Amino acid sequence: MRVLIQLRPSPDLVAAVADPGMTATSADVADGLPGVELDSAFVPVALPRPVPAGGGGDPLSLNQPLNFSLAAEDASVLVRGTISDDEITARMTLLPALRPDVVGVFADPVVETTLTCGGDASVGTWHDVERLLNVPGLHAEGLHGAGVPVAVLDTGINTAHVARQLGRDVTLDAALSWSPAGVPGRPGHAEVDHGTMCAFDVLIGAPQASLIDIPLLRSTRPGGSALDGLLSDAVAAFAHLRTILAGQPAETRALVITNSWGSFSPEWDFPVGHPGNYSDNAAHPFNLMVASLDQAGADVLFAAGNCGRDCMDRRCAYPDRPITGANSHPRALSIGGIDVNGHRVGYSSQGPGRLSARKPDVCAYTHFAGSRALGPDSPDSGTSAATPVAAGLVAAIRTRWPSSRLSPAQLRALLRRTAEDRSEVGFDYDYGYGTVDPAGIIAALQRRAAAAQQESSSPQPAAR
């Protein structure tokens, strides 16, 4: 079984791993772990330590304010390796006893794209989505995504194909793009596939956004397909994105991260309740990494998945509560799917989620004719398409509302509060809080800006 091993080595080694200008190897950090075959191709990742804001509370609770420290005396380090299946239980107990620097051993589950299970024809086109997102109204407010980076963690982007289908130029930041070890090719030159679809769908709502290409699902594993990867590579990708955020000026900080993938089966995970579990465990390194990106100012979106009871993807192996792990993270937006007529698509996963019950958060549009990335007659489908559509809307908002003006938590609350309710009871497990409503968002932002302007122009009391 593939695992992530969390260690706390000497502070100088932690500092070397955390420094983007230095390269430490797995052998530098964890040479000689008994019964573990280390993956030398995986570059160790620094995991920031969660600290409750104000000093109290549980540092592993994701429902409270947290700060994250990468200081050498606080952070830990992750390496990847393999433990024989028949020795898993023994090694999980033995490793921390033999090596006091071992903090924990966690599942490194397979993650896969959330392609649709249905064969239905497209419902509408991407121009319908453009209309429903009120793109002209967004542009009138200066909300078009210019200068906003959007990281697409998927199978890679083919920018030439996206540009042809949109009929306009596409901006991709090759310098900020990143690939897992062993993934060949240049940013923006991937084969036309699922990631290209996601990139196209982002640009419907944010045509001037700058794409960051992260072909996470092109990493390979023994017996894997061309469209899956390992969660450990997502940990490394998020560490890279955290470095990007740290390099931005605080007053203009913005980064949108769209993830149309997830873990479908408990086969690759430790059981629920096991300390190494991913699906239900806030302490798993990747779930902590998601929280740290949110705290640093990133907007993180995940697909709710295609395990809806009406049309379940054949890979769905959780008997209930299929929105697992980071896809149900309280500090991420979990996106369900509706068609352009406002009807929930049957494959969109229902809540409750595993890390946070109130999932999905909102729904966005899917199953429309758009990128043609999956074939000339295939729709952009699944919550895979709904998620980058929502990410494009978020990127448009960030054009004038960086995280210093509107925190990720405030933006999530804004999307939920303004969503068009699809039921008579408010939140429900089919639609979340409802369908994204750009007109409602624009009105709320206008009110917020007017209130801020009034406050800044109000006379201040004289100093004594």
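Annotations
- Candidates G392, G426 - the one that is in a loop (DSSP other than H, G, I, E, B) and open to solvent by less than 40 Å² (accessible area, probe 1.4 Å): G426
- Boolean, R405 is over 25 Å from Q248 (Cα atoms), surrounded by fewer than 22 Cβ atoms within 10 Å (Cβ to Cβ) and either among the β-branched types (V, I, T) or out of contact with any Ser or Thr (no Cβ under 7 Å at 6 or more places or on another chain) (or both): no
- Being modelled with pLDDT of 85 or more and part of a loop (DSSP other than H, G, I, E, B) holds for only one residue in A71, A27, and it is A71.
- For A246: the one exception among (1) among the hydrophobic types (A, V, I, L, M, F, W, C); (2) open to solvent by less than 50 Å² (accessible area, probe 1.4 Å); (3) farther than 30 Å from P136 by Cα: (2)
- Scoring I5 on the criteria (1) surrounded by fewer than 18 Cβ atoms within 10 Å (Cβ to Cβ); (2) closer than 26 Å to A296 by Cα; (3) not acidic (D, E) leaves a single failure, condition (1).
Residue-wise test of (1) part of a loop (DSSP other than H, G, I, E, B); (2) at pLDDT 80 or above; (3) out of contact with any strand residue (DSSP E or B) (no Cβ under 8 Å at 6 or more places or on another chain).
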| residue | (1), (2), (3) |
| --- | --- |
| Q6 | no, yes, no |
| P9 | yes, yes, no |
| A16 | no, yes, yes |
| P34 | yes, no, yes |
| A46 | no, yes, no |
| G54 | yes, no, yes |
| G57 | yes, no, yes |
| L60 | yes, no, no |
| N63 | yes, no, yes |
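- Check on L355, open to solvent by less than 10 Å² (accessible area, probe 1.4 Å), at pLDDT 95 or above, more than 18 Å from V436 (Cβ to Cβ) and among the aliphatic types (A, V, I, L, M): no
- Restricting attention to segment 364-379, the residues that are among the aromatic types (F, W, Y) and more than 19 Å from F302 (Cα to Cα) add up to 1.
- Checked against (1) more than 16 Å from the chain's Cα centre (by Cα); (2) assigned to a loop (DSSP other than H, G, I, E, B), E267 meets all criteria but (2).
Residue-wise test of (1) touching a Pro at 6+ places or on another chain (Cβ under 7 Å); (2) of a type in the set (G, A, S); (3) farther than 15 Å from V110 by Cβ; (4) buried (at least 20 other Cβ atoms within 10 Å of the Cβ).
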{"site": "M289", "(1), (2), (3), (4)": "no, no, yes, yes"}
{"site": "R309", "(1), (2), (3), (4)": "no, no, yes, no"}
{"site": "C316", "(1), (2), (3), (4)": "yes, no, no, no"}
{"site": "A326", "(1), (2), (3), (4)": "no, yes, no, yes"}
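Residue-wise test of (1) crowded, with 17+ Cβ neighbours inside 10 Å; (2) over 25 Å from A390 (Cα atoms); (3) touching a Phe, Trp or Tyr at 6+ places or on another chain (Cβ under 9 Å); (4) touching a residue at least 12 places away in the same chain (Cβ under 8 Å).
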position: E251; (1), (2), (3), (4): no, no, no, yes
position: L255; (1), (2), (3), (4): yes, no, no, yes
position: N259; (1), (2), (3), (4): yes, no, yes, yes
position: G262; (1), (2), (3), (4): yes, no, yes, yes
position: F270; (1), (2), (3), (4): yes, yes, yes, yes
position: G273; (1), (2), (3), (4): no, yes, no, no
position: G276; (1), (2), (3), (4): yes, yes, yes, yes
position: H284; (1), (2), (3), (4): yes, yes, yes, yes
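- Sole residue being in a helix (DSSP H, G or I) and over 20 Å from G124 (Cα atoms), chosen from A386, A357, A450: A450
- All of (1) within 20 Å of E130 (Cα to Cα); (2) under 20 Å from the mean Cα position of the chain (by Cα); (3) open to solvent by 40 Å² or more (accessible area, probe 1.4 Å) hold for D377 with one exception: (2).
- The condition of being touching a strand residue (DSSP E or B) at 6+ places or on another chain (Cβ under 7 Å) and at positive phi holds for only one of G188, G195, G182, G167, that being G188.
The values are calculated or read from the model by the stated rules, or taken from the named source; none is laboratory data. None of these values were measured; they are calculated from a predicted model. All Cβ positions, even for glycine, are placed from backbone atoms using ideal geometry, and neighbour counts span all protein chains on display. Note: areas computed on protein heavy atoms with side chains; ligands, DNA, RNA excluded. Shrake-Rupley method; radii C 1.70, N 1.55, O 1.52, S 1.80 Å.
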